[in-house]
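Chemist: Before I ask anything, let me first share the structure, which is written out below as structure tokens.
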Amino acid sequence: QVQLVESGGGLVQPGGSLRLSCVASGITFSIYTMGWYRQAPGKERELVATITSGSFTKYADSVKGRFTVSRDNVKNTVYLQMNSLKPEDTAIYYCNARGFSQTYWGQGTQVTVSS
């Protein structure tokens, strides 16, 4: 059974930082492309960042220079370090695993940026 479990969300003031974590089980983590997506109220889910098995990264233009995605293949964990957070970053953040024509999603973690 595949499970992706996110943690690290919460309420933060504009300009603050958060680090999200996603622990994967039930997959050979090291060979999957891992990603972070987000969905704000009334909007479609959008890509935030991805990291391949070879640690090649890709970011949405809106987060470049502020967010960093990384992975630890020993801990089966993917991280999203979010700095200089803005109110428009408020959303539910979802972890994603993609490989072998299969896609898995976590349950999501809420990030709220507000003063």
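The values are calculated or read from the model by the stated rules, or taken from the named source; none is laboratory data. Model, not experiment: these values are computed from the prediction. In this analysis, Cβ positions are derived from the backbone assuming ideal geometry, glycine residues included, and neighbour counts consider all displayed protein chains. Each accessible area value is taken on the protein alone, full model and side chains, heavy atoms only, with ligands, DNA and RNA left out. Shrake-Rupley method; radii C 1.70, N 1.55, O 1.52, S 1.80 Å.
Chemist: Which of (1) open to solvent by 40 Å² or more (accessible area, probe 1.4 Å); (2) touching a Gly at 6+ places or on another chain (Cβ under 6 Å) is the odd one out, the single condition V74 does not satisfy?
Modeler: Status for V74: all satisfied but (2).
Chemist: Identify, please: which residue in the range 14-59 is β-branched (V, I, T) and part of a strand (DSSP E or B) and is, among those, most open to solvent (accessible area, probe 1.4 Å)? Spell out how you get there, then give the answer.
Modeler: Within the range 14-59, the subset β-branched (V, I, T) is 23, 27-28, 31, 33, 48, 50-52, 57.
Keeping just the survivors that are part of a strand (DSSP E or B) gives 23, 33, 48, 50-51, 57.
Numbers: V23: 73, T33: 27, V48: 1, T50: 16, I51: 6, T57: 51 Å².
Across the range 14-59, the extreme among qualifying residues is V23.
Chemist: It is to be established whether one or more residues within the range 88-103 are open to solvent by less than 20 Å² (accessible area, probe 1.4 Å), assigned to a loop (DSSP other than H, G, I, E, B) and over 13 Å from S17 (Cα atoms).
Modeler: If we filter the range 88-103 for residues that are open to solvent by less than 20 Å² (accessible area, probe 1.4 Å), which is where we start, we get 89, 91, 93, 95-97, 99.
Add one more test, that the residue is assigned to a loop (DSSP other than H, G, I, E, B), and what stays is none.
No - not one qualifying residue is present in the range 88-103.
Chemist: Another question about this same structure. Being over 11 Å from W36 (Cα atoms), buried (at least 16 other Cβ atoms within 10 Å of the Cβ) and β-branched (V, I, T) is the requirement here; does V113 meet it? Explain how you work it out, then say what you get.
Modeler: On the way: over 11 Å from W36 (Cα atoms): yes; buried (at least 16 other Cβ atoms within 10 Å of the Cβ): yes; β-branched (V, I, T): yes.
Judged against the criteria, V113 is a match.
Chemist: A further question follows. S62 passes all but one of (1) open to solvent by 20 Å² or more (accessible area, probe 1.4 Å); (2) closer than 16 Å to S17 by Cβ; (3) not in a strand (DSSP E or B); which number fails?
Modeler: S62 satisfies every listed condition except (2).
Chemist: Could we say that T28 is at pLDDT below 95 and within 21 Å of S101 (Cα to Cα) here? Can you show your working first?
Modeler: Working: at pLDDT below 95: yes; within 21 Å of S101 (Cα to Cα): yes.
Yes; evaluated as a whole, the condition is true for this residue.
Chemist: Okay, moving on. Of (1) at pLDDT below 95; (2) hydrophobic (A, V, I, L, M, F, W, C); (3) touching a strand residue (DSSP E or B) at 6+ places or on another chain (Cβ under 9 Å), F100 satisfies all except one. Which?
Modeler: Of everything listed in (1) at pLDDT below 95; (2) hydrophobic (A, V, I, L, M, F, W, C); (3) touching a strand residue (DSSP E or B) at 6+ places or on another chain (Cβ under 9 Å), F100 misses just condition (3).
Chemist: Sticking with this one: Please enumerate the residues belonging to the range 1-13 that are of a type outside the set (S, T, Y), surrounded by fewer than 17 Cβ atoms within 10 Å (Cβ to Cβ) and either in contact with an Asp or Glu (Cβ under 7 Å, 6 or more places away or on another chain) or in a strand (DSSP E or B) (or both).
Modeler: Correct list: Q3, V5, G10, L11.
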